[in-house]
1. Could you tell me what percent of the DSSP beta bridges with both partners in the chain are antiparallel, to the nearest 5?
2. Which peptide among 176-184, 248-256, 78-86, 292-300 comes first, and what is the full order, when sorted by highest mean count of other Cβ atoms within 10 Å?
3. Within 10 Å, count the other beta carbons around each residue, average over each peptide in 112-124, 57-69, and list them highest first.
4. Charges at C-beta only: +1 for Lys and Arg, -1 for Asp and Glu. How large is the resulting dipole of segment 27-157 about its Cα centre, in Debye rounded to 20?
5. Please give the length that would be gained between VAL328 and ALA155 if that part of the chain were fully extended, namely 0.36 nm times their separation in residues minus their C-alpha to C-alpha distance (nm, one decimal).
6. Per-residue HN-Hα couplings for segment 68-83, Karplus 6.51 cos²θ - 1.76 cosθ + 1.60 at θ = phi - 60°, whole Hz, x for Gly and Pro?
7. For every helix of n ≥ 4 consecutive DSSP H residues, a contribution of -39,500 (n - 2.57) applies; sum these over the chain, divide by its total residues, and give [θ] at 222 nm rounded to the nearest 500 deg cm²/dmol.
8. Hey, if you put +1 on the Cβ of every Lys and Arg and -1 on every Asp and Glu Cβ in the chain, which of ALA210, LEU153, ALA226 ends up farthest toward the positive end of that dipole?
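Please treat every number below as a calculation from the coordinates, not as lab data. Quantities reported herein were computed from a predicted structural model and do not represent experimental measurements. Don't worry about glycine lacking a Cβ; one is built from the backbone with ideal geometry, like all the others, and counts go over all protein chains shown.
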Amino acid sequence: MPPASALLDWYDAHRRSLPWRAPAGAIADPYHVWISEVMLQQTTVTAVIPYYHRFLERFPTVEALASAPLDDVLAAWSGLGYYSRARNLYRCAQELAALGRFPRDVDSLRALPGIGAYTSAAIAAIAFGAPVVPVDGNVERIAARVFAVEAPLPAARTLIAKKAATLNREKAARARPSDFAQALFDLGAGVCTPRTPTCMTCPWNEACAARQQGLQGDLPRKAPKAQRPTRYGAHFLLVDPSGRFLLRRRPEEGLLGGTMEMPGAPWRDVSWSAEEASGYRPMKDRSSKLSWAPAGRVKHVFTHFTLFVDLYAARSPLALNPADDDGVFLSGEDILHMGISSLMIKCLENAMLAMTKGG
């Protein structure tokens, strides 16, 4: 078993300074830990820091987050992706505000909306000193190497998590659960890195079974990835005489749920012809007054598929009143205060550029 005391000594000398991390010897704010951990899912520390500062400035407390309009929360989240996380964050804040406090144990935390096994363990360990090991990608990689688990991910994930849970068995780790959890994160982020671990500076190098076998650079193994499928969409940018854009809200559930989008066709596995896509134009009852023109194609990569969106754009010569299913006209300033995905920002920018070039 790798010595917990050696890791903690290393952490005391090399701990990262992060905006959500309490100073040495201080107790972490569970709200700060929670927000940072949700933001860090699928996103790097460097990318998260400016979002974290802006989010905390706008919503400094659980109560402020719970009482804010959902559109404000989605707007503050814009650019981080995975908007279901923002919606769950909002729902969770409302439950926490009603409860009046953060639960202190893993099971109670995990019962809250959007808080899974890792996040509940991270909050419990870091903010409340629970003697648990939160297993994120960094800790998973450390455990796979320390115990030389050669079975590939994702099938080996349960086994690796069980191994990781034993890393804090020593008294030193249980005396400092918050620091021990964060030490693991820092070790994985700065030393036990994915491709080129710097084993010579690792406090656990002598106890690492993978290093003893010369496997550290190969673990954790991963099963071959399935080819990412391709999907296709078509969206329409309509600009009114005052320069406002027609946008509608996506369904609450599903990918990019609740965010604003340009009207268009559903995403599918085959490309949309211009004729097919025309059936999804907004303001179809006014189509004779609108001159739609192709406005390019946008590529956007999601975790599970690649999306190609064909764009069409038109300017309305008259002020129009859209039907409910067409959406609403919004100014650029309005859009900034509503939830809009990076995909739709990309579509808007490309369609506007095409319109400008086309006169």
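1. 55 percent
2. Packing order, densest peptide first, comes out as 176-184, 78-86, 292-300, 248-256.
3. 112-124, 57-69
4. Working: 11 positive and 12 negative charges, 31 e Å.
Charge dipole, segment 27-157, about its Cα centre: 140 debye, nearest 20.
5. Roughly 57.6 nm would be gained on extension.
6. 6, x, 4, 4, 5, 5, 5, 5, 5, 7, 3, x, 8, x, 6, 5
7. About -12000 deg cm²/dmol.
8. Of the candidates, ALA210 comes out farthest on the positive side.
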